[in-house]
Structures are given as C-alpha cells and as structure tokens.
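Written out below as structure tokens is the structure these notes cover.
The values are calculated or read from the model by the stated rules, or taken from the named source; none is laboratory data. Please read all numbers here as calculations on a predicted model, not as lab measurements. Note: ideal-geometry Cβ built from the backbone for every residue, glycine included; neighbour counts use all protein chains shown. Side chains included, ligands, DNA and RNA excluded: accessible areas come from the protein's heavy atoms. Shrake-Rupley method; radii C 1.70, N 1.55, O 1.52, S 1.80 Å.
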Amino acid sequence: MDPFPSNDRIQLPRNMIENSLFEEEPDVVDLAKEPSLHPLEPDEVEYEPRSSRLLVRGLAEHEIDEDEEDYESSARLLGMSFMNRSTGLRSSTTGYRQSSSGSCSAPSARTTVICAVILVIAVSVIMAIYLLPKCTFTKEGCQKKKQTQEVIYPHATNGQVFPWANIRLPSDVVPVHYDIVLQPNLTSLMFSGSVQITVKVLQVTWHIILHSSRLSITKATLTPVGSSQPKPVEILEYPVNDQIAILAPEALLVGHSYTLNMEYHSNLSDTYYGFYKIAYNSSAERWLAATQFEPLAARAVFPCFDEPAFKATFQVKVKREEQHSALSNMPKKKTTPVTDGIVQDEFSISLKMSTYLVAVVVGDLANTSKETNGTLVSVYAVPQKLDQAEYALDTSVKLLEFYQEYFDIKYPLPKLDLVAIPDFQAGAMENWGLITFRETVLLHDNKTSSAMDKKKITAVIAHELAHQWFGNLVTMEWWNDLWLNEGFATFMEFFAMNEIFPDLFTNDDFLNLRFKAMAEDSLNASHPISLAVQSEEEIEEMFDVVSYGKGASLLLMLKNYLSKDIFRVGIQGYLYDHSYNSTRSDDLWDSMTKVTSGKVDVKKLMKTWTVQKGFPLVTVTTKGNQIFLRQERFVRNVESKNETIHSSYLWHIPLSYKTSNGSSFFSSHAHLLANKSDVITLTDKVGWVKFNVEANDYYIVQYDDAGWKILIQLLKEDPTALTSSDRANLINNIFNLAGLGLVSLDKAFELIEYLVKENCTAPITEALHQVNHIYNLVEKRGLQTLAAKIVKKVENMLRDKIKKQTWTNSGSLSEQELQSSLLTFACSHNLGNCSNTATMLFNKWMNSRGTTSLPTDVMKIIFTAGAKTEVGWQFLLQMYSSLVSEAEKLKILEALASTDDVGNLMRLMQISLEGVQIRSQDLALIIGTVSHTLPGNLLAWDFVKENWKQLKQKFHSGSFTIQNIVTSTTRLFSTEEHLREVKTFFASVSEETVQLRCVQAAIETIQLNIQWMKINLEKLEKLLL
C-alpha cells in the first residue's frame, strides 16, 4: 500500500500552499486536506473533548474538516449538474405543444406559472444544499466554531511567516534515502553532523517542511537529482512544532527528485532522548554515547521527516576516536582514517524503515557472537561485564529461530546486535538490527541473578525480537495505533516463552498484566487503544499499560476465538502483505477476516474493543438451564454523572464458560454476546457455571447472589474443580466489585478463606495484592489497629504455607515466586521468625564484606531486613557503588528505599535525581518504593512537588517514567485534603500538566480511594471484630 498520494495540485504562491486549511474560502481549503497517511477517520476513534486535541495550539478551531471540504465540492458539482439538466429540459420544451400544422405553440399561462414555481423551488433546494455545511445533515449536527483574533500563519524564529501550521507534516514531499554523518565528541560532549536527504515531490510546492529540534544548522543546499550545481536555500525554524521550512529557489515539480544537504551541530543530550551521553565507571569514569529516538527524538540528531509512515533507506557514517567502537543498524562496511586519532566507520545501507528505528552507539564496548541461519547475533556490554552476556546470546538465537519459523518470514538483516547500556530510561528499544537494553534486563550473573531475573531477561528479549517483525518490518502509520507495535510484541513475548522456554513460563505473568491493564482501563481517565493523538505529550502517554497490556490481551482473546491456526495464518498474511510499509488497525482485521473466508467479520468484532475505552461488566443470572446475560461498561466511579454515555457502550464479547458437568466452551464454540442482553440455553441444568475460562478474556463477571454463593462453596469444597487462573480471576473480580459495593466486602473475604487449601501461586499472589491494597489504604489513614487485624486475618489463612517456606533456591519457578511472595509478606509484618532469619543471614553476609553467597530468590528480602538498621543501610549503599552485578545492585536499591529512616529515604531520592552515585534511570523505582512505606508516603510526594521542574526536564512530560512517578506517589491518598492538594499542585504548574492523562488518573484514583472508604470502612471494621 502506497501511503503517499501522488495526485498533483496547482502551483500557488509560497505562503499560501499547505496553509489554506485555516482559510474559509472553499477554493483554497482543499489544498490543505490531511494527507492520506493520517491513519484514522473521524468515525473510527473515540475523540476526547475538542479542547484537549487541538491540532495546532490556538489555531485548530479555525480548521475546516476534510469531510466539509468534500461536501462543498460535491455540492458544487451537484449544482452544475442540475443546471445542465435544467438547460436540457428547457430546450426540450420546444416540442411541448404542437399545432395541427406541426409547429410548436406556446404553453398556456397557467402551465408557465406552474413550471416557474417548480423551477424556483428546485433551485432554492439545490442552493440550500450547496450553502449548508455537511454537518447540517449528520446525526451530530453542527457546532459553532469559536472565533479568535490570532494570526493564521505562525511565525518563524526570524519573524517571517512560517509556511505550515499543522503539527503533522505535509505529504507533498517524501524522503527516499538519507546519508547521515555523525561525529560525537566524548570529551567536549558535543556532536556535529551532516545529512543528505533524497526526496521525491508528489505535489508541486515551493518549500520542504521537515523536523529539526535544537540543531544549529550552519549550511543548507538543494540540488535536483542529476544536477551537479547545489543551490543555497533559506531555512525558517518553528520550534513550537520542531519544524523547519526549506524555501526552494524555484518550484519543486511533481515526479522530480532532489537532494537536500545540511550541516549542523548540537550538544549531546542531558536527558534520555536523542543522542545522549552516559557516564559509567570502570577503573575510571568513562563516557559512552547512545541514541534513543522513539517516539520523536530522531529530529534532535539529524533533520528528518520524523513520522513513522515516512519510511526511507539510511546510510550512516560515524566519525570516532580510534580507541572507541561504533555500532549502527547495519553491519560496518569499512573504516577509513580522517585525521590524527579520528577514523570514520561506514555502515551498509539499511532496509526501508522509519526514522525512530535508526540507532547509533559509540563507546568502549566488548561483544560475544554466534551465527544462526546467516545472521550474526552479538551481545555487547562494557568490558568488565561481558561475562554476563552469554545467557542473552543463547536466548536471542533461540528466539530468532523461533520467530522466523512462526512468522514464516526470515529475519531480513545480516546481523542483530543487543547492547547493554549503562544508563537507559526505557527497559529496551527495538531499533532494527541494534536493540538497546538496560543492563538489568540483558545481563545475567549466574551467582546473583535469581530465577525471576532470568525470566525477566528472557521476556524482554522476546518482546524486542518480536518487534523486528511487528514494528520494524511492518510499522503503524501513526502513533494512534501504537498498540499494533506494543500490544503484538507483548503478546508474542508470552507466546514465545510458553513455546520455547516452558521452564521459565507461567501464565501468571500474563494474567497479572491483564489485571493491571484492567485496573487502569476501568478509569474514566483511560483511553481507547486506538486514539487520535497529535502533540508530543499525547504521543508519549500512549506508551502505557493499556497500549501494551490491553493490546496483548485483546490479541489473546482473538486467538482463542478464531483458533490458534487461523490466527497464525492471519498474522503471516498481514506481515507478508505489508512488509516495509505502514498499516492501520483495519489492515490487521482485514487479514484476519480473509483467512476465515469471511465467516467472521473480525473488523466489526474488534472495533468494539479498540475504539472504545474501558471494558464490559457481564452480569450472569442462572435460572434452571437458562443463563441470562447482560453487558454494560464497568465503571469504578459509582458517582459518575455520565450514565447515558456509559450505557451507550456495546462490545461484541466472545464469552467462554465452564460448567459443573465438566464442559468448557471457548474458542470457536464461544457465545458471542453482541447485544445488551442475551440468553444461553443449556441442554441440562447445571450446579455451577464460571465465565471467562482461564481468565483469557477481557471483561469482569458479576454473578447473582446464588451464583457467588455456589462458587464460594465450590472453592471451599473442591478448589481444583477450577484452574488456578480461574481461581485468581474470581478473586480479582469479587474484590473489584466489592470496592463499588456491588458485592458485599464480607463475601469477598469469605471467598478467599479457601486459601488454606490453595497451593498455587496465582490465586495467593492475587489475594495478597487485593488485601495489601486495603491494608495500605487503612495504614496510611493512621488506622493501625484495624490494619493489624487485616494482617492477622491473612496470617490465619496462610500461616502453614509461610512456615513451609525455606531460604534456599529450590523448586520450580512458580514455587520460587510463591516463596518470595509469602516471605515478603511475613517479613514486612514481622510474622513468625521471618525477620529474625533474614537479619541473621544479612549480618553473616555483611560480616563477610559481601563475599558470602546468598540464595538469590530471597536476596531482596534479606537486604531489606538489613536496611532497617543504620549500619546495614550504609553498608548496602557502599556495596552498591562497588558491585558489578546489575541484578544484585537492583535488589540493594529496593532494600535501601524500604527503610523507615526518613533522612536516608530523602538522601536516596536526591542522589538518584543527581544521577552520579545512583543512576537516574532508577529514580522512578526508588520513588515508588519509598512512597509505599509509612514514613515515606508523604515524603515521596513532597519530593516530587519540590523537584517537579527538574523531573519533567529529565524524563519529558507524559513519558512512562513521569506516569509512574505521578501515580505511585499519590495512589494511596484517600482524604479530601490530599485530593485538594494534588489538584492544586498540578493546576499551579500549568494547564497542560493538569490535563496529562496520568495526572487525571491520579486524581481519579484518590477519588476512588475516598469512595472505597465511604462504602467499605465501616463494613471492614465490623467484619474484623
């Protein structure tokens, strides 16, 4: 599919082309329609309020919609057609009445009047249709456009009119190839560069609009391809949208290609975006430079068309000092001397790809490699940590081979590098052929990495390698469909692990991710996974648990509904048909529908899930052999005033269910609930029914009182009648419903009493999660006696299991995870001899100066016990600075942040913000851990308020890190005073900040906590008497 339309348009004066979308004259506006590479039509997404999605700050209210433009053109044609027909009609009247001689006689006066009246009425109707906007005839009607006195065209930095006012780039000029030369200076911490972009003109224009951010451009020329005479060009800069305009000396003609050359320089970034500098210690402080471009930072390293649909090929050259090495997406082609001590590495030309996937790393790195199926796979790390790279190398080879076989498409690059970056904000980044990782999710130390650490490393590698197909080979057209990248990679990460690493896979992780996504998605502050976005903040905010977790969960639901074989063929067809191109969600659904031979309208089914936020609550009532079903949107805020809006939600739900007769109904036998209500008639009456088999689907189930009573009794008598995932699902559902008062809280606690018979990890960890949340709300309100009663109730259920836990590395992965959860709970609340045992093991380790080996699966628990004393805390901080194992250092950080010493907590957050002794990449983890403690709850929030400006500069507004910091520091507030304080603070920062989705989610969460207390606090006190 060609995303760049090639229809020509007439030549206009330079300042008029592409900006006419802000004019009201219909003969101008059609030149500024949104280009076809904009992926969503207005009726395909759930739009946020108009004020929250302005396309151009202060200007978008003047825009004329594309549909209105089309309508005016159609009306014009309709008017012309009518006039032609009228003319023909008038001509034909010459034969209206004939005399006996054959000559025409004049019509009567009465006939003339009637015809005149009819003609006037017809012309009036046509003129009315022509003059009225299209929205007059739509269900939504017309809305009055706001008037403003602001200038139509923005001004460049030099005061001239900038010839483009949209955040999105025009599609009249598209890139074909980039030649990029970069020279980072790891002494001055600056870089210089040049770029030569070959572009093709699709529509005549006098200028080229592209992206550039904080680059000092010193020279620019434009040359027609085939010419040897470059011409200097003027550059206008518009930093608000990170755009520059290249003003051509003459019209750029349709079908012609040109070469745009620019030279520039800039500083290596102090943030985690663009081309940024990284300090790390070996024997002395060393520097490394790496790029992180997703989503919008390629423009900060080279001028470019920085939107995912503008795919092109790239050739990268890097000038570096001889003692360093350089990596890029493609293999190194050659190295040539430049000056004394400086050489240039030239890399092969890339495949067609998006700008955000270009990558460069320069520094002192070592590697280990292995070849598979013609591809050289390498893992890079700083030299002193190379011995921790072997596991990642072996894992990557296995995953690469698996994906090539499953997708039936060979990995298309000759090499695949995985690089451990010493300081990296994201977990990993899927740059094509050069994947970058945090050291903690790539490097595995056999002595200090636990089974859970190994599983995490495997999962992240699986996720990033899946991106080499989903995201790199086939890319979403625009960030509104980010879920096509991240949802698929998340789904494939779990699928691949289950297929080739069964010893490291448990369904619990996918289940927990689904629960977490649903918790976020049940907020009014949530968003559809396919959502119109424009600004940098809106795009950054799409990188959240909804895009990742909900996207993956919907794919799992679809796979089960269609069958795994049909699903796989659909994926293969989608990848094959759209290789090296960009797609929308509909392209995936069309591929899936095609392989079902049209038997399932996948687009119709899945659009109800992708363009609506939230998910359904399915109410189940059983009467005899009939099951009565009803769906509505699950909304956690019982005081919501938008009941009409919520009632308009409708999903097509592939229901799965299991009954007491031993039958499970799912996959192609699922019942599709496509209406507000329905009835399933069973062949026989059943004792019980449980919907959402294995919790594989994305909805919550509410049973009637009799239904809950039967299921609770079933768990008490025979819990294994349901799978562990089904049991965890029931716990999750009933506590969510109890929080709203839809189920009594005592019924939720009655359900988990069966845990005395539970031996599986998922139900126990879900119960601990739900009860811990209640405990934390109560504790942070100062209700310590009530909090102690909660702990006592859980202890009575789990005491025997806690006693059985050992302080060794033994058992399956699931058993080790259960061991960690139970001992963490016991030590946190000083149950039994847990704290004493952990303290004894820590002291033994400290007295040996860290040389004594500790069981890795409980290492963090031991460190946390040691950090309770001042001596232990200081020793851990000292060890953190000297250790090489990233796995061990991460456990120490979490322990340091769990102390009750307020002074140490403040010191820890401050030194992490500074980023020298403790890297700033871990600041969000530290703040979140601190906020979970009783003394640190308000301390973390105060720290965020005092350092907000610096946090926003370092991590970017809307980023996943900022999202985590905002939500973690406010999630346990449950008073009106805290609600006012949070609202007041963010409102005082800026209007844009208070509108961030994470801020709105934080405010809503506090409101929900207040609501929970109003509904359930008194009930909880009576329950625990």
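Contact order normalised by length for the range 907-978, with contacts defined as Cα pairs under 8 Å and 6 or more residues apart; what percent is it?
It rounds to 27 percent for the range 907-978.
Separation between the Asp900 and Thr271 pseudo-spin-labels, each 7 Å from Cα along Cα→Cβ, expressed in nm?
4.0 nm
Ordering Glu405, Glu537, Glu779 from largest to smallest accessible area (1.4 angstrom probe), what's the sequence?
Glu405, Glu537, Glu779
Grab the beta carbon distance between Glu815 and Ser881, set R0 = 22 Å, and tell me the FRET efficiency rounded to 0.05.
Using R0 = 22 Å, I get an efficiency of 0.05.
How much FRET efficiency would the formula 1/(1 + (r/R0)^6) give for Lys685 and Asp503, where r is the Cβ-Cβ distance and R0 is 41 Å, rounded to 0.05?
For R0 = 41 Å, the calculated efficiency reads 0.45.
For a quick protection proxy, order the peptides 605-615, 485-495 by their average other-Cβ count within 10 Å, most packed first.
Result, highest mean Cβ count within 10 Å first: 485-495, 605-615.
Longer than 23 Å from Cα to Cα, which of Lys334/Lys415; Lys792/Lys844; Lys516/Lys868 are they? Say none if no pair is.
Distance filter (> 23 Å) returns Lys792/Lys844; Lys516/Lys868.
Using only alpha carbon pairs under 8 Å that are at least six residues apart, calculate the relative contact order of the range 206-283 and give it in whole percent.
Reported relative contact order: 36 percent.
Amide H to amide H, which residues 5 or more places from Thr583 or on other chains are under 5 Å from it, using H placed in the peptide plane?
Thr475, Met476, Glu477
For a protection proxy built on the mean count of beta-carbon atoms within 10 angstrom, sort 805-811, 168-174 highest first, please.
Listed from highest to lowest mean packing, they are 168-174, 805-811.
For the range 172-177, in order, what is each residue's ³J(HN,Hα) by Karplus, 6.51 cos²θ - 1.76 cosθ + 1.60 with θ = phi - 60°, in whole Hz (x at glycine and Pro)?
Those phi angles translate into 7, 10, 10, x, 10, 8 Hz.
Kindly rank 200-207, 352-359 from highest to lowest mean number of other beta carbons found within 10 Å of each residue.
352-359, 200-207
Taking a ≥ b ≥ c as the square roots of the eigenvalues of the Cα gyration tensor of the range 534-651, is the shape rounded (a/c under 1.5), prolate (a/b larger than b/c) or oblate?
Oblate, since a/c reaches 1.5 and b/c is not below a/b.
Non-local amide H neighbours of Leu268 (under 5 Å, H modeled in plane, Pro and chain starts lacking H): which ones?
Excluding prolines and chain starts, which carry no amide H, the hits are Met190, Phe191.
Where does each of Thr839, Thr856 land when they are ordered by accessible area, with a 1.4 Å probe and the largest first?
Thr839, Thr856
Anything over 29 Å Cα to Cα? Flag those among Lys454/Lys690; Lys455/Lys559; Lys613/Lys860; Lys454/Lys801; Lys333/Lys454; Lys398/Lys564, in the order listed.
Lys454/Lys690; Lys613/Lys860; Lys333/Lys454
Mind listing the phi-derived Karplus ³J(HN,Hα) values for the range 711-717, rounded to whole Hz, using 6.51, -1.76 and 1.60 with θ = phi - 60°, and x for any glycine or proline?
5, 5, 5, 4, 5, 5, 8
For the range 374-439, what are Rg and Dmax over the alpha carbons, in angstrom?
Final numbers for Rg and Dmax: 12.3, 38 Å.
When a/c reaches 1.5 or more, the comparison of a/b and b/c decides; with that in mind, is the range 286-366 rounded, prolate or oblate per its Cα gyration tensor?
Taking the square roots of the gyration eigenvalues as a ≥ b ≥ c, the range 286-366 is prolate.
How much solvent-accessible surface does Val884 expose, in Å² to the nearest 10, with a 1.4 Å probe and all protein chains in place?
60 Å²
When only Cα pairs under 8 Å and 6 or more residues apart are kept, what is the percent relative contact order across the range 553-625?
RCO, the range 553-625: 24 percent.
Using each residue's phi in the range 425-440, evaluate 6.51 cos²θ - 1.76 cosθ + 1.60 at θ = phi - 60° and report the 3J(HN,Hα) Karplus result to the nearest Hz, with x for Gly and Pro.
Couplings: 5, 6, x, 6, 9, 7, 2, 5, x, 9, 7, 10, 9, 5, 4, 5 Hz.
Place a point 7 Å from Cα of Asp577 in the direction of its Cβ. Which residues in the range 490-530 have their backbone N less than 13 Å from it?
Hits in the range 490-530 for Asp577 at 13 Å: none.
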